[in-house]
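Enquirer: This structure is in structure tokens; I'll ask about it shortly.
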Amino acid sequence: MEIKAPFFFRNSWNKSILDLLQKTTLGTNGARYQHLNTSEIIDDLDNPLFLTLERNNSVLGNVTFCKREKNWYIRYFAFEQIFQAQNISHKTKKSNLKTAINDFFEESLKSENDCFYAYIDPKNVRSKFMCENFGFQTIGKLKTHSFSRLKPKSVANLEEIVDLEEVQSLNSKFEKNLFYTNFHPKRTKIYALKNEHGEIICSARIQKARWRIESLPGKFGKTLVKIIPYIPILNKLLNPKDYRFLVPDMVFCKDNNPESLSKLFEGILAKEKYKLMLWWIDEKDKLNHLDKKISWGIFKLFLGNPIVDVVAKFDDSKKPKIEKTIFVSGIDLI
């Protein structure tokens with residue numbers, strides 16, 4: 001479709017887009033945080049399209065899509081503060097910004113793709129605003145699991161898989177999942193746990209994430225961020241100024257064995273010299289049902305299991321098969 005200034009399409013990011021994303025604080029009430037490794041993540045995006053709002057050669061707003069065949073993932077939705085305030089306080093008021101974005105959604109669904117989808121915090125006011133104003137529907141829910149070890153132990157039969165062909169047959173279990181993509185980001189690693197016969201019994205792909213935490217959920221969220229550095233044990237897992245963790249995805253576990261999965265995760269933490277993982281998984285996924293059979297670590301007591309909504313916009317004739325398990329790519333959430 002064609003668009004007119006001050007809106008532009010770009011197939012690659014520029015410094016002005018990166019500057020906007022790097023200073024964007026995510027969240028509105030409860031948890032608030034910034035991504036610290038955006039310059040690495042944005043360079044790893046698959047088939048991106050940047051829809052920008054520009055003035056005087058400066059990007060004031062950006063919606064980034066990862067074009068995945070007929071399903072387009074909304075990776076970034078960021079605007080300067082003046083637009084955020086206006087959008088939230090005038091929910092029913094029409095604006096050129098809202099009209100332009102909505103027209104893009106509608107025209108694209110008639111021609112190029114079947115669906116737009118995104119992951120949102122259901123408690124985030126701006127995210128809920130986007131859903132309500134652009135006609136997105138909740139089609140699924142992801143559960144957040146945290147796996148932490150203060151002193152993760154090495155696992156002898158864990159190894160990094162360099163040849164993707166070795167895990168290709170295992171990946172086939174994901175091909176029928178909703179929103180599946182076989183794209184592998186450049187900075188990803190794959191680890192596998194093997195038995196005495198050299199057979200892979202458990203595996204996962206991982207990404208590294210870095211956030212700056214400005215506020216945590218709850219009434220005393222801002223205060224808690226300030227005192228965490230002085231709380232024993234917790235301060236070894238969470239540095240609010242540079243919150244580092246691993247994100248697994250494409251997790252395979254033969255026979256859904258909780259002991260194998262726990263060994264895999266702990267072994268990966270030891271290999272990478274990290275202490276914490278955050279794992280997002282569809283509530284319908286069978287591995288999610290291992291929740292009570294795994295010792296997740298002390299950080300679970302602090303974080304709990306926050307829910308992330310999967311929202312989508314689609315034409316009724318192209319409605320996704322929401323009964324399917326949703327494929328979650330870790331890079332999409334960091």
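Every number here is computed from the coordinates shown, using simple stated rules; none is lab data. Please read these numbers as outputs of a predicted model, since none were measured by experiment. Note that we place each Cβ from the backbone using ideal geometry, even for glycine, and neighbour counts take in every protein chain shown.
Enquirer: What angle do you read, to the nearest 10 degrees and between 0 and 90, between the alpha-carbon axis of helix 96-111 and the longest principal axis of the chain?
Expert: Helix 96-111 sits at roughly 70 degrees to that axis.
Enquirer: Sorted from fewest to most neighbouring beta carbons within 10 Å, what does the list His145, His289, His184 look like?
Expert: Working: His145 22, His289 12, His184 16.
Result, fewest neighbours first: His289, His184, His145.
Enquirer: Can you check what the net charge comes to around Glu80, using other residues whose Cβ is under 12 Å from the Cβ of Glu80 (Lys, Arg +1; Asp, Glu -1)?
Expert: Working: positive: Lys23, Arg55; negative: Asp19, Glu54.
Taking every Cβ under 12 Å from that of Glu80, the sum is 0.
Enquirer: Over the stretch 225-317, what is the relative contact order in percent, taking alpha-carbon pairs closer than 8 angstrom and at least six residues apart? Mind showing how you got there, number by number?
Expert: Values: 50 pairs, mean separation 25.5, N = 93.
Over the stretch 225-317, the number comes to 27 percent.
Enquirer: Here's a follow-up. State the number of lysine pairs found in the stretch 215-265 whose Cα atoms come within less than 27 Å, restricting to pairs 8 or more positions apart or on distinct chains.
Expert: Numbers: Lys219/Lys236; Lys219/Lys241; Lys222/Lys236; Lys222/Lys241; Lys226/Lys236; Lys226/Lys241; Lys236/Lys263; Lys254/Lys263.
For the stretch 215-265, the number of qualifying lysine pairs is 8.
Enquirer: Within a Cβ distance under 15 Å of Asp291, other residues only, what is the Lys/Arg minus Asp/Glu net charge?
Expert: Working: positive: Lys141, Lys143, Lys284, Lys286, Lys292, Lys293, Lys300; negative: Glu259, Asp282, Glu283, Asp285.
Surrounding charge for Asp291 is +3.
Enquirer: Once a ≥ b ≥ c are taken as the square roots of the eigenvalues of the Cα gyration tensor of the stretch 144-333, is the result rounded (a/c under 1.5), prolate (a/b larger than b/c) or oblate (a/b not larger than b/c)? The partial results should precede the final answer.
Expert: Working: a/c = 1.90, a/b = 1.18, b/c = 1.60.
It is oblate, given that a/c is not under 1.5 and a/b is not larger than b/c.
Enquirer: Points 7 angstrom from Cα along the Cβ direction at Asn96 and Glu259: gap in nanometres?
Expert: The two pseudo-label positions are separated by 6.6 nm.
Enquirer: Assuming a ≥ b ≥ c are the square roots of the Cα gyration tensor eigenvalues, decide whether the stretch 129-188 counts as rounded (a/c under 1.5), prolate (otherwise, with a/b larger than b/c) or oblate. Before the final figure, lay out the partial values.
Expert: Values: a/c = 2.82, a/b = 1.55, b/c = 1.82.
Oblate, since a/c reaches 1.5 and b/c is not below a/b.
Enquirer: In percent, what relative contact order does the stretch 144-333 have, based on Cα pairs under 8 Å that are 6 or more apart in sequence? Don't jump to the answer; show the numbers that get you there.
Expert: Numbers: 294 pairs, mean separation 66.8, N = 190.
Normalised by residue count, the contact order of the stretch 144-333 is 35 percent.
Enquirer: Rounded to the nearest 0.05, what FRET efficiency do Lys23 and Asp44 give with R0 = 22 Å and r taken as the Cβ-Cβ distance? Could you check? It would help to have the intermediate numbers written out before the result.
Expert: Numbers: r = 20 Å, r/R0 = 0.92.
For Lys23 and Asp44, the calculated efficiency is 0.60.
Enquirer: For the stretch 7-142, what relative contact order do you get, as a whole percent, if you take Cα pairs closer than 8 Å and at least 6 residues apart? Walk me through the numbers before you get to the answer.
Expert: On the way: 163 pairs, mean separation 30.6, N = 136.
So the answer I get is 23 percent.
Enquirer: Need one number: % antiparallel among DSSP beta bridges in the chain, to the nearest 5.
Expert: Working: 62 of 67 bridges.
Around 95 percent antiparallel, to the nearest 5.
Enquirer: Need the list of lysines near Lys321 for cross-linking: C-alpha distance under 24 angstrom, and skip anything on the same chain fewer than eight residues off.
Expert: Partners found: Lys67, Lys70, Lys110, Lys128, Lys141, Lys143, Lys173, Lys176, Lys284, Lys286, Lys313.
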